[in-house]
Amino acid sequence: MNARTSPPTSVTGTVTRACMGFSACRICGLSRNEGLEFTDGVFLWPQGLAHYVSEHSVRLPPDIVAHARQRLQEIESAIVDESWWCEATSM
Ligand SMILES: [Zn+2]
C-alpha cells in the first residue's frame, strides 16, 4: 500500500463546529472519534468520517463521491502562479 491507496486517517475541511468532547463511533463505540465538523462549502461531515470509511467500509453517497472527485480534478488541473512566492522568497 502506498500513500495514495492507504485508507484515510482524517478528512479535513473548514471547521464549522467544534463540540466539547469526542463523539463515539456509532458502529463500534470507539470513544475518541473526534469532535469537529467540517465543510467544503457544499457538504458537511464529521471529523470521524475517515474512521467509518476505513474501519467499517462505509461507502459515501455517489453524489458526494462525484463532488469530491470533481473538486480534486479542479485543484490538480489549476494553474499555479508562483511569481509572488518566488519574489517574496528571493533575497
Ligand atoms: Zn468504529
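Every read-out reported here was derived from the displayed coordinates using simple, explicitly stated rules and does not represent laboratory data. In this text the structure is predicted, and so the values were computed from the model without any measurement. Neighbour counts run over all protein chains shown; Cβ positions are idealised from the backbone, glycine included.
Annotation note: Cβ proximity below 9 Å between a residue of region 17-37 that is under 15 Å from residue 56 (Cβ atoms) and a residue that is in a strand (DSSP E or B) and of a type in the set (Phe, Trp, Tyr) (sequence gap 6+ or interchain) occurs for no pair.
Cβ-Cβ contacts under 9 Å between residues 6 or more apart (or on different chains), taken from a first residue in region 54-65 that is more than 18 Å from residue 28 (Cβ to Cβ) to a second residue that is within 10 Å of the ligand (Cβ to nearest atom), are absent.
The number of residues in region 17-43 that are exposed (fewer than 13 other Cβ atoms within 10 Å of the Cβ), more than 11 Å from the ligand (Cβ to nearest atom) and over 21 Å from residue 72 (Cα atoms) comes to 5. Considering region 44-58, the residues that are more than 10 Å from the ligand (Cβ to nearest atom) and surrounded by 15 or more Cβ atoms within 10 Å (Cβ to Cβ) include one that is farthest from the chain's Cα centre (by Cα), namely 53.
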